[in-house]
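Structure first, then comments.
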């Protein structure tokens, strides 16, 4: 029997995503992902000063705001041939690390954990048992039975108040929840601790970026004055604050996040064989140890893996018109040269063309256009981006750090590398790279202090800041690894103004509709074969989609006061 | 704290109001924050203050430019936000509630229209209502700063 189900909206993600799936005999046989993005951003940027682009793109959403700003300054620096001082590279790395650690921890505990952790079950746990588990898995000091009893009471009170709030959208009691009550309580306690912790670590962005929650960047380096002894600059006192936040972050990741991940995973090993989907993985790479322009020095390496063949890493050239392209065969856009064309982002077009049904509607017409997300391809291949891709590309590239941490996790869970190609693998990869980033941040901090103490306090290269020094026409690209995956901006500059600006964001790679050859993208592919025990509570779909950490910022769907689906905007 | 997305026309009234308050010198008396699309990043700010004046656009049944002051107790008292961010203001308020952060909150909202182009220019009714929005906010700030109301 074939049954069509719709999950709309997928909750606990950024933005609005709709999944339609066909279930045959309890398993998903086909799936369609439909999303909405503020592609109009590209229209706002046209005609503006390229040095201002970072400030505008940073506003696109509130989750990884600074990643867009970072990518934008990289694109403009690439176009204008600007090299930035080593300290600026280090500070950008530290801000990158802060957003990553915050974002991954928030994803694990606050957006994804409730797919695996039954909050209601935690209320019936024995706090003594939770305490014993905690002491067994790590040295984290908050481990007494009293502490867990207090947490339990606090959550009980919260639930009894009727203000379910953050816990309102769970499928509590669903039989796919497998954790014993004591482990559920452990996770709930850390849900609360992670909230406390995450608001501290983001302060690093405000210290260096001067402003919060949308920090400042500048083309040519960083806009912060650093002087160890100066009261009004970023001085030793403030740097010590950064250092202590970085040390705390490493402790939290090593003693809470990773032990929890490894404690929960054994209950869900079946998910190491579900949700794999695509067999191609791409990473642009990031975390430069020298200049960002030197791809060989990236700690998170750049490349593509095809057919899960870890013996070969294919190089990526973001300027080659035959490599990265965007298609719109199933997206609500039109191209001047025809909707069957695949355009490189330098020549990208953003012309809306909504042909979907008028709301309210039952189902989308998936034979035609069915999403606001364009469909990007690398040399015609559908590829997955995100933490799993980064770890796989790094593993295959022979990165010592990445091989070590991946090997540690596989060993502890007693599974082979094939387990990585799954929903569980994706969730694990996010934790593992957090371990690495926490350490790299401490390394970069030490390097920055070393530079400053040796008298190098340069953070900005102003040589080509003035438009008079620019060529009349220039084009450039900026690549980065946002927490959710490969992010790129392409900019064309003409007569000192932005002539064209295109963003290809991670969730576009993963959430896009089929391409002209009917190849599925990552979300759609990953759902095939997923069991769905209860079509009215499609927890399994949510698990796999959440494992990608989707971010469809600035969606155009709106809700009425009761939070029900109300209206869909057809135009921006 | 003004929140909203400045790239989505009328949704940007919160950050704009903060900019105008800054220009009028309020920054010397109160902490002003352009919360943008900050989401979870703003949790610390809710913990740090006893009083919070929040400025946001709302999509309710009122005509565009309609300004009102709400005294929300729970997350569900917040009117529908224009941004459909799932990890948005309501989620933030839900979380603050869970954490026991309870700044005494005045929410000043302006109603905006459903269909808006992407862009950074306000629609005429919203532009016209900005002075009134500021008056409401300034009235609240003045009251909060008056010695009699300081606890």
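Every number here is computed from the coordinates shown, using simple stated rules; none is lab data. If you're wondering where the values come from, they're calculated on a predicted model, not measured in any experiment. FYI the Cβ positions are ideal-geometry reconstructions off the backbone, even for glycines, and counts take in every protein chain you see.
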Cut-off 17 Å, label 7 Å out along Cα→Cβ of residue A:443, residues of region A:52-90 by amide N
A:87, A:89-90
Taking the Cβ of each residue in A:267, B:78 as the centre, tally the other Cβ atoms inside 10 Å and list the residues starting with the fewest.
A:267, B:78
Tensor-based shape of region B:2-149 (alpha-carbon gyration tensor, a/c under 1.5 rounded, otherwise prolate or oblate)
oblate
The protein assembly as shown: antiparallel DSSP beta bridges as a percent of all, rounded to 5
75 percent
Specify the inter-centroid distance of region A:41-96 and region A:298-345, based on alpha-carbon positions, in whole Å.
22 Å
Using 1/(1 + (r/R0)^6) with R0 = 25 angstrom and r between the beta carbons of residue A:126 and residue A:255, what's the FRET efficiency to the nearest 0.05?
0.65
Specify whether the C-alpha gyration tensor of the protein assembly as shown places it in the rounded, prolate or oblate class, a ≥ b ≥ c being the square roots of the eigenvalues: rounded for a/c under 1.5, otherwise prolate if a/b is larger than b/c and oblate if not.
rounded
Give the average, rounded to an integer, of partner chain Cβ atoms located within 10 angstrom of each Cβ in B:38-50.
5
Compare the peptides A:529-537, A:217-225 by average per-residue count of other Cβ atoms within 10 angstrom and give them in order, highest first.
A:217-225, A:529-537
10 Å Cβ neighbours from other chains, averaged over peptide A:193-200:
3
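Neighbouring Cβ atoms within 10 Å as the yardstick, rank B:91, A:456, A:286 fewest first.
Ascending Cβ contact count within 10 Å gives the list A:456, B:91, A:286.
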For the pair residue A:351 and residue A:24, how long in nm is the line joining their label points, each one 7 Å along Cα→Cβ?
3.9 nm
Using alpha-carbon positions, what is the distance between the centroids of region A:233-292 and region A:456-503, in Å?
28 Å
Which percentage, to the nearest 5, of the DSSP beta bridges contained in region B:2-149 is antiparallel?
30 percent
Simple spin-label model, 7 Å along Cα-to-Cβ: residue A:458 to residue B:135 in nm?
5.6 nm
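Work out how much length residue A:247 to residue A:340 would gain on full extension: take 0.36 nm times their residue separation and subtract the Cα-Cα distance, in nm to one decimal. Write out the running numbers ahead of the final one.
On the way: separation 93, 0.36 × 93 = 33.48 nm, distance 5.14 nm.
Gain on stretching residue A:247 to residue A:340: 28.3 nm.
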